[in-house]
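Worksheet: one structure, shown below.
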Amino acid sequence: MNALLDTHTFIWWDSDPAKLSAQVLALLHDPTITIWLSVVSVWEILIKHQMGKLELNAPLATLIAQQQANGIQILPISLVHVLEVGNLPPFHKDPFDRLLIAQANIEGLVVLSIDSVFARYSVNVMW
């Protein structure tokens, strides 16, 4: 299985793993599962941090490098991902989440998210 982290899942994994469900924690520690972090989430974290809405335990580049050393893969944003957003129904107004959903659909990834709005889309979500 391949799993895509929602932004909050990545943040909680680093700063407060107790907020993650037992199922998500098990998946994150399963060596047979490839875990992906989208550049979309990196962008969202950077924006929220710069606006003072999000505190980080370390510089963002350091957090990402640490997780890459643990095997996390980085998913770039491609034109096909962006165009897929146009095919999504307007259930969610958050542009970052909409792009994550589009990426998950295109790449066949399960999204690890607590966000209940994701379930309204035709995307696999686990929590």
Checklist (1) assigned to a loop (DSSP other than H, G, I, E, B); (2) surrounded by fewer than 17 Cβ atoms within 10 Å (Cβ to Cβ); (3) aliphatic (A, V, I, L, M) applied to Val123, failing item: (2)
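A quick yes/no check of all residues on (1) of a type in the set (Ser, Thr, Tyr); (2) loosely packed, with under 15 Cβ neighbours inside 10 Å; (3) under 18 Å from Gln103 (Cβ atoms):
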| position | (1), (2), (3) |
| --- | --- |
| Pro17 | no, yes, no |
| Leu20 | no, no, no |
| Pro31 | no, yes, no |
| Ile35 | no, no, yes |
| Val40 | no, no, yes |
Filtered residues of the range 4-33 (kept if in a loop (DSSP other than H, G, I, E, B) and closer than 19 Å to Ile64 by Cβ): Asp6, Asp16, Leu20, His29, Ile33
What number of residues within the range 97-117 satisfy the criterion of being among the hydrophobic types (A, V, I, L, M, F, W, C), assigned to a helix (DSSP H, G or I) and surrounded by fewer than 18 Cβ atoms within 10 Å (Cβ to Cβ)? 2
Is there any pair linking a residue in the range 54-81 that is over 12 Å from Leu37 (Cβ atoms) to one that is among the polar types (S, T, N, Q) and surrounded by 13 or more Cβ atoms within 10 Å (Cβ to Cβ), with Cβ under 7 Å and at least six apart or on different chains, and which? Asn57/Ser15; His81/Gln103
How many residues does the range 74-93 contain that are surrounded by 13 or more Cβ atoms within 10 Å (Cβ to Cβ) and out of contact with any helix residue (DSSP H, G or I) (no Cβ under 9 Å at 6 or more places or on another chain)? 0
Here is a list of conditions, (1) farther than 13 Å from Leu4 by Cβ; (2) in contact (Cβ under 8 Å) with a residue 60 or more places away in the chain, and Leu88 meets all of them except one; can you say which number that is? (2)
Out of curiosity, is Gly52 loosely packed, with under 12 Cβ neighbours inside 10 Å, assigned to a loop (DSSP other than H, G, I, E, B), in contact with a strand residue (DSSP E or B) (Cβ under 8 Å, 6 or more places away or on another chain) and at positive phi? no
Being closer than 24 Å to Gln23 by Cα, modelled with pLDDT under 95 and in a loop (DSSP other than H, G, I, E, B) is the requirement here; does Gly71 meet it? yes
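The values are calculated or read from the model by the stated rules, or taken from the named source; none is laboratory data. Predicted model, so just to flag it, every value in this text is computed and none were measured. So basically every Cβ, Gly included, is an ideal-geometry build from the backbone, and we count neighbours across all protein chains shown.
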